[in-house]
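Beneath this line is the structure, given in structure tokens, with notes to follow.
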Ligand code: NOJ
């Protein structure tokens with residue numbers, strides 16, 4: 001592991017020890033505080049003060065009877081929004097592509113530390129919904145992966161990182177917000193088993209990690225708004241999962257006073273509509289009125305306030321918490337200038353994350369680069385937007401190199417190292433001549449490419465949140481092709497240069513067939529959304545100071561139709577694919593993907609040997625007391641799987657070993673294999689080490705709709721271990 005990481009991790013684990021999370025004590029304190037509040041104060045701490053009514057994107061009313069503040073809630077899936085300076089970390093999807101639990105934890109801790117320094121009580125992230133079932137879904141990049149297991153581990157690590165710093169994390173958006181089109185009117189109709197095994201799964205990890213809050217989403221589920229959906233909030237989240245924290249609405253996702261309160265919503269945000277005049281549309285005084293006329297019980301308001309107070313005590317925010325250090329509305333473009341600099345040395349972590357998230361898709365031997373005599377650098381994506389990296393508010397344009405998507409999941413770049421900047425620095429050290437063509441015009445691109453030994457061409461594909469439309473894309477992507485004629489640009493370059501390297505900055509999969517049909521495309525480097533250290537991280541990998549170690553957190557198909565899913569135009573998505581999204585679908589249908597889930601090349605090679613399965617579990621339903629996340633037994637250890645991995649190549653590298661499980665026929669219509677473990681290890685040439693995958697009862701259970709329980713089926717399970725979902729190196733079975 002990298003030295004800088006040790007420092008970050010040591011700091012974050014110390015912070016965690018200091019703030020051991022204890023709901024029971026938090027509830028005791030909350031009850032004592034609640035007893036001191038009058039009705040207006042209780043309603044106030046569960047109601048936003050209106051949009052733009054306080055310094056943060058969400059603010060609550062401060063009571064006077066107890067020393068409890070106006071809570072500051074701020075977006076932060078990749079760093080705090082509407083304030084500067086902050087760090088612009090790689091997006092969630094890149095953090096997922098690292099498959100590195102320690103890096104995920106460190107990223108969460110750094111976001112938490114920046115948030116706390118700024119006086120933010122509640123960090124509005126991380127994201128597990130969208131999960132990403134639609135490859136063109138606009139906000140998929142805010143989350144970690146469309147595989148629920150990988151997403152769940154990333155949620156847990158990120159939440160523990162954020163909350164270890166004393167900041168409340170929010171698992172969002174709960175649930176079925178899988179597209180941006182019609183997100184505020186449409187219904188996601190999801191069957192019970194699919195809901196549990198795919199979309200709820202990472203939220204279970206969030207609750208298990210003691211997340212303080214969950215945000216209900218804009219859409220309806222099974223024809224009822226999520227924020228007034230008794231089944232989703234009261235029954236599943238609070239009863240089945242035993243969630244002790246509070247459920248807040250997405251901004252204006254609340255549609256009623258009474259139904260939302262009685263269905264389990266605990267906090268309304270931002271407390272008003274976005275339009276003028278602003279007021280408390282549903283709660284505040286209206287909630288008190290509903291209690292007075294008997295339509296909402298007093299116990300419900302008490303429970304809401306108790307949950308909100310308990311989360312505040314849980315994180316120790318009652319002691320010495322910093323005051324808010326900025327005003328989001330100071331400038332309509334940039335947010336507020338912070339009174340403190342909270343960025344510390346986080347740029348190093350941002351660079352490590354960015355480089356370890358790069359996925360090498362193809363390499364015919366051209367990489368790593370070894371001081372080439374000349375290089376052509378091509379494409380508008382090679383340079384930073386000449387008007388500045390923050391020129392478009394909420395990053396709502398695709399000008400210059402792409403390093404994050406657009407919408408509320410963004411923050412301000414403190415700086416952005418563009419690919420060309422970093423390559424030029426390396427080239428001048430190496431004495432390499434650099435020719436450039438930094439538009440997307442094919443003529444100049446071909447001329448530049450013709451004049452160099454190697455050409456590197458940059459293409460991208462962007463998406464974001466529905467409130468901004470970019471180049472005709474209303475949040476969701478219209479196609480999975482590269483933007484700005486990327487295919488044509490690559491064709492022009494490859495037509496002129498025999499060693500063409502393609503670098504892709506993208507929010508999600510793009511279709512690569514046109515590019516792969518060019519025989520002169522000798523390498524493809526998938527850099528995703530790398531954040532502020534984009535160019536530096538890319539140079540680290542291109543020149544081999546580290547070996548690439550990212551693996552795809554989704555499948556890249558040969559054609560869009562192969563996914564079998566996509567966002568819909570209408571008001572209803574019936575989720576007809578059920579459990580079969582991404583690799584589950586490709587495996588089930590026998591469709592050959594271009595690059596499968598979990599795939600990624602290295603500059604070295606790894607061998608797998610000595611697979612050992614040591615599992616013992618009884619069949620039947622999980623039982624036991626409900627702990628945060630579900631029935632206690634669900635999280636019991638059932639043994640482990642181990643395998644030896646050796647580095648058989650010539651350079652040091654990191655491998656992500658993956659474990660998939662195939663269920664017996666007793667679990668009806670289950671995907672052929674499902675990810676249930678992964679470990680990333682670094683090995684020097686010739687080094688061999690054992691990797692262990694711990695398994696829990698949950699990993700071998702399916703959701704039995706009839707029994708309404710997680711059930712371990714009987715029969716033969718298959719354990720697959722390998723370097724991707726299709727590069728299986730060994731397998732074994734165990735019988736239940
Ligand atoms: C709406 C977005 O869906 C949500 O993610 C965000 O936290 C709020 N706006 C506040 O900006």
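The table below gives the values:
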{"quantity": "Relative exposure of 196, 337, judged by other C-beta atoms within 10 Å (fewest first)", "calculated": "337, 196"}
{"quantity": "Cα principal axis extents for the range 633-694, largest first, Å", "calculated": "46, 24, 13"}
{"quantity": "For the range 47-107, the Rg and Dmax computed from alpha carbons only, in angstrom", "calculated": "15.9, 47"}
{"quantity": "In nm, spacing of pseudo-spin labels at residue 52 and residue 559 (7 Å Cα→C-beta vector)", "calculated": "4.8"}
{"quantity": "Calculated FRET value between residue 714 and residue 374, using beta carbons and R₀ = 51 Å, to 0.05", "calculated": "0.20"}
{"quantity": "Convex hull volume per residue for the range 18-57, taking Cα atoms only, in Å³", "calculated": "115"}
{"quantity": "Beta bridges by DSSP in the chain, antiparallel share as percent, to the nearest 5", "calculated": "55"}
{"quantity": "Gyration tensor (Cα) of the range 198-315, equivalent ellipsoid semi-axes in angstrom", "calculated": "22, 16, 14"}
{"quantity": "Helix 23-34 vs. the chain, principal-axis angle (Cα, 0 to 90°, nearest 10)", "calculated": "50"}
{"quantity": "Cβ-derived FRET efficiency at R0 51 Å, residue 478 paired with residue 666, nearest 0.05", "calculated": "0.75"}
{"quantity": "Per-q log10 I(q)/I(0), the range 505-591, q = 0.11, 0.16, 0.18, 0.24 Å⁻¹ (Debye; single scatterer per alpha-carbon; no solvent)", "calculated": "-0.46, -0.85, -0.98, -1.26"}
{"quantity": "Tail beyond 17 Å, pair distance distribution of the range 83-130 (Cα, percent)", "calculated": "36"}
{"quantity": "On Cα atoms only, tilt of 346-356 relative to the major axis of the chain in degrees", "calculated": "60"}
{"quantity": "Value of D in µm² per second that Stokes-Einstein yields for the range 12-130, Kirkwood Rh from Cα pairs, at 37 °C (0.692 mPa s)", "calculated": "201"}
{"quantity": "Simple spin-label estimate for residue 393 and residue 447 in nanometres, 7 Å along Cα-Cβ", "calculated": "4.0"}
{"quantity": "Highest average packing first - 293-301, 79-87, 57-65, Cβ atoms within 10 Å", "calculated": "79-87, 57-65, 293-301"}
{"quantity": "Length added when fully stretched, residue 514-residue 612, from 0.36 nm per residue minus Cα-Cα", "calculated": "31.0 nm"}
{"quantity": "For the range 145-228, Kirkwood radius (reciprocal of mean inverse C-alpha pair distance, Å)", "calculated": "13.3"}
{"quantity": "As computed over the range 582-708, the Cα convex hull volume per residue (Å³)", "calculated": "135"}
{"quantity": "Debye intensity ratio in log₁₀ form over the Cα atoms of the range 472-541, taken at each q of 0.16, 0.26 Å⁻¹", "calculated": "-0.62, -1.21"}
{"quantity": "Calculated [θ] (222 nm, deg cm²/dmol) that DSSP helices of n ≥ 4 give over the chain, each run adding -39,500 (n - 2.57)", "calculated": "-7000 deg cm²/dmol"}
{"quantity": "428, 437, 374 arranged by Cβ crowding within 10 Å, fewest neighbours leading", "calculated": "428, 374, 437"}
{"quantity": "Beta bridge orientation in the range 31-170: antiparallel %, DSSP, nearest 5", "calculated": "35"}
{"quantity": "Where only C-alpha atoms are counted, convex hull volume of the range 122-280 per residue in Å³", "calculated": "107"}
{"quantity": "Separation of alpha-carbon centers, the range 247-294 and the range 435-499, rounded to whole Å", "calculated": "46"}
{"quantity": "Calculated diffusion of the range 58-213, Stokes-Einstein form, Kirkwood radius summed over Cα pairs, 37 °C and 0.692 mPa s, µm²/s", "calculated": "208"}
{"quantity": "Computed P(r) (all Cα pairs; the range 393-455; 5 Å bins; percent)", "calculated": "4, 15, 18, 19, 16, 13, 10, 5, 1"}
{"quantity": "Isotropically averaged projected area of the range 423-551, using the convex hull of Cα atoms (one quarter of hull area), nm²", "calculated": "8.5"}
{"quantity": "Kirkwood hydrodynamic radius (C-alpha pairs) into Stokes-Einstein, the range 261-327, 25 °C and 0.890 mPa s, D in µm²/s", "calculated": "175"}
{"quantity": "Nearest-ten-degree value, helix 148-164 long axis tilted from longest Cα axis of the chain", "calculated": "70"}
{"quantity": "Interatomic Cα distance distribution for the range 329-408, bins of 10 angstrom, percent", "calculated": "13, 28, 39, 14, 6, 0"}
{"quantity": "Relative exposure of 680, 558, judged by other C-beta atoms within 10 Å (fewest first)", "calculated": "558, 680"}
{"quantity": "Between the range 175-228 and the range 598-642, the Cα center-to-center distance that results, in Å", "calculated": "25"}
{"quantity": "Cα-based Kirkwood hydrodynamic radius, the chain, one decimal, Å", "calculated": "26.0"}
{"quantity": "Mean projected area in nm² (Cα convex hull; one quarter of hull surface) for the range 568-627", "calculated": "10.3"}
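Readers should treat all values here as calculations from the given coordinates under stated rules, not as data from a laboratory. It should be emphasised that the depicted structure is a prediction, and the values quoted were computed from it without experimental measurement. Note that we place each Cβ from the backbone using ideal geometry, even for glycine, and neighbour counts take in every protein chain shown.
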